[in-house]
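**Student:** Here's a structure for you.
The values are calculated or read from the model by the stated rules, or taken from the named source; none is laboratory data. Keep in mind it's a predicted model, so treat the numbers as computed, not measured. All Cβ positions, even for glycine, are placed from backbone atoms using ideal geometry, and neighbour counts span all protein chains on display. Only protein heavy atoms, including side chains, enter the accessible area calculation; ligands, DNA and RNA are left aside. Shrake-Rupley method; radii C 1.70, N 1.55, O 1.52, S 1.80 Å.
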Amino acid sequence: EVAVPELPGDPALYAGCLADGGYFEALSITADDLERTRQYQANLQRETLRAGATDLNSYLASLQMHLWAKPLDRVNLKRVTQLINKTNQFNLTTRRYSEAEVEAFIGQTDVLGLHFRLTDSLGDNGIISAIIVKPDSDAKRMIIDTWLMSCRVLGRQVENACLNILAAKAKGLGATEIVGEY
């Protein structure tokens, strides 16, 4: 749905008109949203550590990162849907799904849906990635329908770890091939 405000003739009144219209209000707030300021402060600390590191591997090791992969679930449905609909930088297909559409993937035995949480020595980054993989007409081939990752974790090789986890889970479902589209 697209809303187009009726703006007053005087440009000085635009801000008030937009604020009163509620065009920029969040429909829901997730636990990750409430932690956003702390997460940005921790990212500043990470950048300081990175600037002082002699190489990328030692910097990454100093972060003591832990990546948690879990199947799509109703507990994290709002955050996963939020990521799907607002992430642009690392979003392979930019497919957008409603909360009901994401919920429909939960429990489908032929769809592999995962969300990822990243923690490190500076804190919890929250849910930072989601992947939805669907079977192709050839049951041995899985197609990456959606893969996105928060820009806050880019440059930490998390995408490699996510892909490794995806490959292991797909293999467990009998897949011999994963196809990504961009």
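**Student:** Residues that are in contact with a strand residue (DSSP E or B) (Cβ under 9 Å, 6 or more places away or on another chain), under 22 Å from SER98 (Cα atoms) and either of a type outside the set (Lys, Arg) or assigned to a helix (DSSP H, G or I) (or both): does the range 163-173 have at least one?
**Tutor:** No, there is no match, as no residue in the range 163-173 is in contact with a strand residue (DSSP E or B) (Cβ under 9 Å, 6 or more places away or on another chain), under 22 Å from SER98 (Cα atoms) and either of a type outside the set (Lys, Arg) or assigned to a helix (DSSP H, G or I) (or both).
**Student:** What is the residue count in the range 144-162 for residues that are open to solvent by less than 70 Å² (accessible area, probe 1.4 Å), of a type in the set (A, V, I, L, M, F, W, C) and in a helix (DSSP H, G or I)?
**Tutor:** Looking only at that region, the number is 4.
**Student:** A further question on this structure: List every residue pair whose Cβ atoms sit under 9 Å apart, with the two residues 6 or more apart in sequence or on different chains, where the first one lies in the range 146-168 and is under 19 Å from ASP124 (Cα atoms) and the second, anywhere, is open to solvent by 40 Å² or more (accessible area, probe 1.4 Å) and among the hydroxyl-bearing types (Ser, Thr, Tyr).
**Tutor:** If the second residue must be open to solvent by 40 Å² or more (accessible area, probe 1.4 Å) and among the hydroxyl-bearing types (Ser, Thr, Tyr), the pairs left are LEU148/THR94; ARG152/TYR40.
**Student:** Now a separate question. Residues that are in contact (Cβ under 8 Å) with a residue 24 or more places away in the chain, within 16 Å of GLN39 (Cβ to Cβ) and touching an Asp or Glu at 6+ places or on another chain (Cβ under 7 Å): does the range 85-108 have at least one?
**Tutor:** Within the range 85-108, not a single residue is in contact (Cβ under 8 Å) with a residue 24 or more places away in the chain, within 16 Å of GLN39 (Cβ to Cβ) and touching an Asp or Glu at 6+ places or on another chain (Cβ under 7 Å).
**Student:** In this structure, does TYR182 turn out to be over 22 Å from ARG79 (Cα atoms) and aromatic (Phe, Trp, Tyr)? Before you say what the answer is, go through the steps one by one.
**Tutor:** Working: over 22 Å from ARG79 (Cα atoms): yes; aromatic (Phe, Trp, Tyr): yes.
Taking the combined requirement at face value, the residue satisfies it.
**Student:** Out of all the residues in the range 93-114, is one or more within 24 Å of TYR59 (Cβ to Cβ), out of contact with any Lys or Arg (no Cβ under 7 Å at 6 or more places or on another chain) and at pLDDT 95 or above? Break it down into steps so the answer makes sense when it comes.
**Tutor:** Start the filter on the range 93-114 by keeping residues that are within 24 Å of TYR59 (Cβ to Cβ), which leaves none.
For the range 93-114, residues within 24 Å of TYR59 (Cβ to Cβ), out of contact with any Lys or Arg (no Cβ under 7 Å at 6 or more places or on another chain) and at pLDDT 95 or above: absent.
**Student:** Please list, ordered by residue number, the helices (runs of 4 or more DSSP H) wholly in the range 29-138 having 3 or more residues that are of a type outside the set (Gly, Ala, Ser), exposed (fewer than 13 other Cβ atoms within 10 Å of the Cβ) and out of contact with any Phe, Trp or Tyr (no Cβ under 8 Å at 6 or more places or on another chain).
**Tutor:** Numbers: elements: 31-34, 36-52, 56-63, 77-86, 99-105.
Helices (runs of 4 or more DSSP H) meeting the threshold: 36-52.
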